[in-house]
1. Considering only residues that are surrounded by fewer than 19 Cβ atoms within 10 Å (Cβ to Cβ) and without any contact (Cβ under 8 Å) to a residue 24 or more places away in the chain, look in segment 248-276 and name the one that is nearest to the chain's Cα centre (by Cα).
2. Return the residue satisfying two criteria in turn: it lies in segment 342-370 and is at pLDDT 85 or above and surrounded by fewer than 19 Cβ atoms within 10 Å (Cβ to Cβ), and of such residues it is farthest from residue 192 (Cα to Cα).
3. For segment 433-454, what are the residues that are within 22 Å of residue 336 (Cβ to Cβ) and surrounded by fewer than 18 Cβ atoms within 10 Å (Cβ to Cβ)?
4. Six or more apart or on different chains, Cβ atoms under 6 Å: show the pairs whose first residue is in segment 83-109 and within 17 Å of residue 210 (Cβ to Cβ) and whose second is at pLDDT below 90.
5. Limited to segment 199-212, what total is found for residues that are more than 18 Å from residue 84 (Cα to Cα) and either buried (at least 17 other Cβ atoms within 10 Å of the Cβ) or under 30 Å from the mean Cα position of the chain (by Cα) (or both)?
6. Kindly indicate the residue of segment 371-426 that is part of a loop (DSSP other than H, G, I, E, B) and either in contact with a helix residue (DSSP H, G or I) (Cβ under 7 Å, 6 or more places away or on another chain) or closer than 17 Å to residue 336 by Cα (or both) and also modelled with the highest pLDDT among those meeting that condition.
7. Report the residue count in segment 429-455 for those that are in contact (Cβ under 8 Å) with a residue 24 or more places away in the chain and assigned to a strand (DSSP E or B).
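The values are calculated or read from the model by the stated rules, or taken from the named source; none is laboratory data. Since this is a predicted model, take the numbers as computed values, not measurements. Here the Cβ positions follow ideal geometry from the backbone for every residue, glycine too, while neighbour counts run over all protein chains shown.
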């Protein structure tokens with residue numbers, strides 16, 4: 001059967017339409033492919049848009065202030081479309097929770113992080129090992145070292161074996177997971193935890209714990225050039241030929257918080273602030289000591305938030321302040337003053353002593369013993385002078401002739417057991433009972449004998 005001319009025209013039209021549809025599909029597919037390729041190219045080379053890279057210095061103990069600094073730096077690098085963030089590192093270790101937060105910031109960052117342990121003589125100890133391993137690129141200057149992340153107590157003492165094993169295993173798993181994420185030598189990094197191993201810069205580079213050794217920052221940039229790094233969701237090619245390093249300084253608030261996060265500063269703030277508040281509590285209405293003390297205590301607790309505080313030490317220091325002030329109010333043999341000195345010494349030494357779970361990343365933290373001695377000596381000397389001045393003033397005001405007080409009545413303001421304080425028209429006096437009995441606060445008493453500035457009294461009811 002033959003095909004008519006009309007059928008041939010219809011078939012031709014249908015074929016042409018089909019070809020047009022296929023062509024359109026090909027164009028659309030090609031467009032999608034071009035967009036995808038363009039996006040990939042943009043992802044790979046987007047970091048060359050900025051000619052400068054921010055540099056931050058992480059030095060000293062790792063604490064919440066360092067976490068804030070790193071977080072702000074990463075945000076700044078993102079907003080500036082910087083090619084990477086350079087972290088110049090020199091730390092003996094720090095708080096475990098702060099270390100974990102900083103590791104998380106690096107692993108989750110969309111901007112590559114480069115940790116450079118420098119200058120020569122620096123270390124990436126304990127917590128620094130984790131931070132170095134977590135970087136996209138880890139480099140060390142000659143003469144630096146990394147490692148020694150074995151758990152110890154925050155007081156620097158050895159711990160009970162079972163607890164040590166528990167913490168060591170957890171910490172070892174933590175550093176292995178970082179090594180897996182960054183493609184580093186997990187076995188050797190784990191040895192820094194399980195065997196307290198330390199490595200020089202060249203050893204760490206040869207073993208694959210870090211990427212390379214760089215003698216200076218120019219050498220660092222040269223070795224970074226052309227390297228491919230993977231952030232959380234993107235791959236980047238670092239182009240550092242024209243990159244300039246720009247220091248990103250700590251903010252004023254961060255520098256102030258860093259100053260507070262010193263165990264010696266925290267001890268002084270707590271001691272002086274506590275004493276000022278105690279003075280206000282025992283002398284209501286003075287206002288100035290109360291305000292100053294409250295401000296200093298707020299700063300002290302802000303500082304303690306960045307340190308591994310032991311609250312028993314805080315309680316002992318508070319007790320020392322109370323006993324010291326009471327010594328100025330009660331005539332006696334200095335027992336309260338001696339007790340205050342003992343409490344202050346113990347409180348200073350126990351303030352950062354840890355007896356619970358140890359930190360695997362924290363170096364020993366303590367108040368300088370010389371500062372404790374100087375503080376106790378200064379406050380003790382001041383207390384002795386104040387007590388002596390008060391006693392001399394009392395003698396001068398009362399003229400040494402106290403015979404007129406015999407037979408006078410007073411009110412007990414501090415329970416006589418048998419020693420306490422009574423109030424008379426002439427002021428407050430230290431008093432004792434004549435037969436060692438206890439006379440409660442608020443009772444009326446009569447003076448029956450005098451011994452220098454100490455009155456012997458009996459209950460007023462005994463005279464009726």
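1. The selected residue is 259.
2. 342
3. 436, 438, 440, 441, 451, 452, 453, 454
4. Short answer, once both residue conditions are applied: none.
5. The total comes to 7.
6. 415
7. Final tally of qualifying residues: 15.
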